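Asks: I have a structure I would like to understand better, so I am pasting it below and will then ask my questions one at a time.
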Amino acid sequence: MNISVAGTGYVGLVAGVCFAEMGHCVTCVDVDENKINLLKSGVSPIFEKDLELLMKKNYLCGRVDYTTDFQSAYRNADAIFIGVGTPEHPDGSANLSYIATVARQIAESIEKDCLVVVKSTVPVGTNDKVEQFIHDFLVHDVRVEVASNPEFLAQGSAVNDTLHAARIVIGTESKWAEEILRKIYEPFNLPIVSVSRRSAEMIKYASNDFLALKISYMNDIANLCELVGADIQDVAKGMSFDDRIGSKFLNAGIGFGGSCFPKDTKALEYLAKQHGYELRTVKSAIDVNKDQKTVLFRKASKRLITFHGLKVAVLGLTFKPGTDDLREAASLENVPLLLEQGAEIFAFDPVGSNNFAKVHPQGANGKGSITYVGNIEAALDGANVCFIFTEWGEIKAVSPKLYKKLMRTPLVYDGRNIYNLKDMKLAGVEYYSIGRPGST
Ligand code: NAD
């Protein structure tokens, strides 16, 4: 099939390349010329395992191409997938302006029957409006329908998640649309859940917000564990054997970040409010998460009083390992608090430093300063305190002894519960983590 994909971000690019890998003929469209030039040269603008490999393979055999020329990309497409961003407005509602722009571009370009498939996460009812919008601006007399096909990939494992998804959700309002989508996904050989368009839109939010709730619940319980002397890791282990609960998403930490959970929780709460309903569970997940992001800073502030003039090692900047994405990362909340007090930060991240430096350039910064270093040793050397914000493999591999050896005072605040309490104690490290004895 001839498929075009609008947006070459985490969702659009991965989907486009995976469709090509499955034998479809794909054109990826973006308004960002730099991105398209990079893609054409075989370089992925985002860090995702195996993505460049599949990009090169499918580009060389002519199954995938990249362009800013949306008209030629959309004109003869059998299906156009929309994977542009839907960031949050300040009031928590979803910003649908990028979706609206693409819808209009599609309407003005298509010259044959075409299924438009929205992969972006959009509030329930949006796709009805997108369909209406396209019909309003349609230039040629062609059949066009809109389907919902929400994306469930996780950054860091996006290619694998797409090729081996647990399920493909398709939301359609006609047999015609359903059959096109079934045909597109046939080579993937994955379970397909076919529902109405509105239910598909809701499945996405309900799934993401459930996961966010699970994280906030565990963080809430972790905070109580600290107060009553229980260990959240033992508690999670005990819970995980119950398959009604499951073993995933039970890790306590410094809260959820990324481009999805924070905005999708707020967007669903907003949608409910618009319908006169208060979504109390989701609201609680948001509130707990807001506090959790700075829990380490508060703990360290109690111990150190001020960070003025202290050398602070920061290990991990991205919102999770395996990605260079910083959106809603805990580091973005904590680093400004440290700088505001005059900390001298030495930060290490295997892939996120360049993006972080766009927000906090190297050198003097507020009352403090920030230096990006290329290895963990340089961050720890002579440090008064260390914060761990992301559980990258190379950070997890650091021996407790190294903190004792390199730091001026071996004081570690770990937001990802990487270390065994006994190992840190044996190595002579003063160690604070989340929801475990001695963590306050
Ligand atoms: P992103 O910001 O990484 O990428 C969006 C891309 O769309 C950008 O490259 C931008 O230049 C491009 N774009 C904007 N307007 C355009 C236009 N008119 N035509 C063509 N391209 C245009 O976004 P993302 O992280 O891939 O997320 C996209 C959507 O998918 C969002 O709704 C998000 O909630 C959802 N989603 C994201 C993830 C994730 O892990 N990132 C997972 C599931 C769902």
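Asks: Please report, to one decimal in angstroms, the Kirkwood hydrodynamic radius of the stretch 16-98 built from all distinct Cα-Cα pairs. Display every interim value, and only then the final one.
Replies: Details: mean 1/r = 0.0715 Å⁻¹.
Value: 14.0 Å, from the Cα pair sum.
Asks: While we're looking at this one, here's another question. Would you mind counting up the charge near THR101? Only other residues with Cβ under 15 Å from its Cβ, with Lys and Arg at +1 and Asp and Glu at -1. Write down the numbers at each step before the final one.
Replies: Details: positive: ARG104, LYS129; negative: ASP30, ASP32, GLU108, ASP136.
Value of the local net charge: -2.
Asks: Then there's this: Considering only DSSP beta bridges whose two residues both sit in the chain, what percent are antiparallel, to the nearest 5?
Replies: Details: 5 of 50 bridges.
About 10 percent, rounded to the nearest 5.
Asks: Turning to a different aspect of this structure: Running a GNM on the chain with Cα contacts under 10 Å, which residue among ALA103, ALA236, ALA212 ends up with the highest mean-square fluctuation?
Replies: Among ALA103, ALA236, ALA212, the largest GNM mean-square fluctuation belongs to ALA236.
Asks: For the stretch 74-114, what D do you get in µm² per second when you plug the Kirkwood radius from alpha-carbon pairs into Stokes-Einstein at 25 °C and 0.890 mPa s?
Replies: Working: Rh = 11.4 Å.
After rounding, the answer is 216 µm²/s.
Asks: Angle check, please: helix 261-274 long axis (alpha carbons) against the longest principal axis of the chain (alpha carbons), in degrees 0 to 90, nearest 10.
Replies: Value to nearest ten degrees: 60.
Asks: Please list the non-local residues whose amide H lies under 5 Å from the amide H of VAL117, H modeled 1.01 Å from N, same-chain partners needing a gap of 5 or more.
Replies: The answer is ILE80, PHE81, ILE82, ALA147.
Asks: Once the piece of chain linking THR281 and ASN354 is laid out straight, how much longer is it, given 0.36 nm per residue of separation minus the C-alpha distance between them?
Replies: Numbers: separation 73, 0.36 × 73 = 26.28 nm, distance 3.67 nm.
My answer for the length gained is 22.6 nm.
Asks: May I ask you to evaluate 6.51 cos²θ - 1.76 cosθ + 1.60, the Karplus curve with θ = phi - 60°, for each residue of the stretch 322-331 and list the ³J(HN,Hα) values in order in whole Hz, giving x for glycine and proline?
Replies: x, 9, 9, 7, 10, 4, 6, 6, 4, 4
Asks: Quick one: Debye curve from the alpha-carbon atoms of the stretch 94-173 only, equal weights, vacuum; give me log10 I(q)/I(0) at q = 0.23, 0.25 Å⁻¹ to two decimals.
Replies: For the requested q values the scattering log ratios are -1.05, -1.15.
Asks: Moving on. Once you have the Cα-Cα distance between ASP381 and PHE249, take 0.36 nm times their residue separation minus that, and quote the gain in nm to one decimal.
Replies: Values: separation 132, 0.36 × 132 = 47.52 nm, distance 3.36 nm.
Answer, rounded to one decimal: 44.2 nm.
Asks: What is the antiparallel percent of DSSP beta bridges lying wholly in the stretch 1-108, to the nearest 5?
Replies: 5
Asks: Per the helix-only calculation at 222 nm, which mean residue ellipticity applies to the chain, given -39500 (n - 2.57) for every DSSP H run of n ≥ 4 and division by its residues, nearest 500 deg cm²/dmol? Can you show the working numbers first?
Replies: Details: 19 runs with 196 residues, N = 440.
Counting only the DSSP helices, I get -13000 deg cm²/dmol.
Asks: Let me ask something additional. Working from the alpha-carbon coordinates of the stretch 293-432, get Rg over Rh, Rh being the Kirkwood radius. Let's see the in-between values first.
Replies: Numbers: Rg = 13.5 Å, Rh = 14.6 Å.
Answer for the stretch 293-432: 0.92.
Asks: Let me ask something else. Express in nm, to one decimal, how much length is gained between SER196 and ARG143 on full extension, taking 0.36 nm for each residue of separation and deducting their alpha carbon distance.
Replies: On the way: separation 53, 0.36 × 53 = 19.08 nm, distance 1.93 nm.
Using 0.36 nm per residue and subtracting the Cα-Cα distance, I get 17.2 nm.
Asks: Also: Set the Förster radius R0 to 35 Å, insert the Cβ-Cβ distance between THR440 and HIS164 as r into 1/(1 + (r/R0)^6), and round the FRET efficiency to 0.05.
Replies: Details: r = 41 Å, r/R0 = 1.18.
Computed FRET efficiency for THR440 and HIS164 comes out at 0.25.
Asks: In whole Hz, what ³J(HN,Hα) sequence does the stretch 114-128 give by Karplus (6.51, -1.76, 1.60; θ = phi - 60°), x for Gly and Pro?
Replies: Working through the residues one at a time gives 8, 9, 9, 10, 8, 9, 4, 7, 10, x, 4, x, 4, 5, 4 Hz.
Asks: Related question: Averaging over every viewing direction, what projected area does the convex hull of the Cα atoms of the stretch 242-304 cover, in nm²?
Replies: Working: hull surface 25.0 nm².
If you wrap the Cα atoms of the stretch 242-304 in a convex hull and average its projections, you get 6.2 nm².
Asks: Give me D for the chain in µm² s⁻¹, whole number, from Stokes-Einstein with Rh from the Kirkwood sum over alpha-carbon pairs, 25 °C and 0.890 mPa s. Intermediate values should be presented prior to the final figure.
Replies: Values: Rh = 23.3 Å.
Result for D is 105 µm²/s.
Asks: Shifting gears a bit: To the nearest 10 degrees, how steep is helix 197-228 against the longest Cα principal axis of the chain, on a 0 to 90 scale?
Replies: Tilt relative to the chain: about 10 degrees.
Asks: OK, next. Against the longest alpha carbon principal axis of the chain, how many degrees, from 0 to 90 and to the nearest 10, is the axis of helix 10-21 turned?
Replies: That works out to roughly 60 degrees.
Asks: Starting from the amide H of PHE387, placed 1.01 Å from N in the peptide plane, find each other amide H under 5 Å away whose residue is 5 or more places distant or on another chain.
Replies: When sequence neighbours closer than 5 places are left aside, the close amide H contacts are ALA313, VAL314, LEU315, TYR413.
Asks: Follow-up question, since we're still on this one. For the stretch 204-291, I need the span (max minus min coordinate) of the C-alpha atoms along each principal axis, in Å, sorted largest to smallest.
Replies: Answer, in whole Å and largest first: 41, 27, 23 Å.
Asks: For the stretch 2-195, just the Cα set please: Rg and Dmax, both in angstrom.
Replies: 15.5, 46
Asks: Using amide H atoms built in the peptide plane, which far-off residues or other-chain residues are under 5 Å from VAL64 H to H?
Replies: Result for VAL64 returns VAL26, TYR59.
Asks: Further, regarding this structure: Would you kindly derive the ³J(HN,Hα) couplings of the stretch 132-144 from the backbone phi angles with the Karplus curve 6.51 cos²θ - 1.76 cosθ + 1.60 (θ = phi - 60°), listing them in order in whole Hz, with x for Gly and Pro?
Replies: Whole-Hz 3J(HN,Hα) from phi for the stretch 132-144: 4, 4, 5, 4, 4, 9, 4, 9, 9, 7, 10, 7, 9.
Asks: Quick one: Cα centre-to-centre distance for the stretch 6-34 and the stretch 251-273, in angstrom?
Replies: Value for the Cα centre distance between the two parts: 26 Å.
Coordinate-derived values only; no laboratory data. Predicted model only: the values in this text are computed from it and were never measured. Here Cβ is always computed from backbone atoms with ideal geometry, including for glycine, and neighbour counts include all displayed protein chains.
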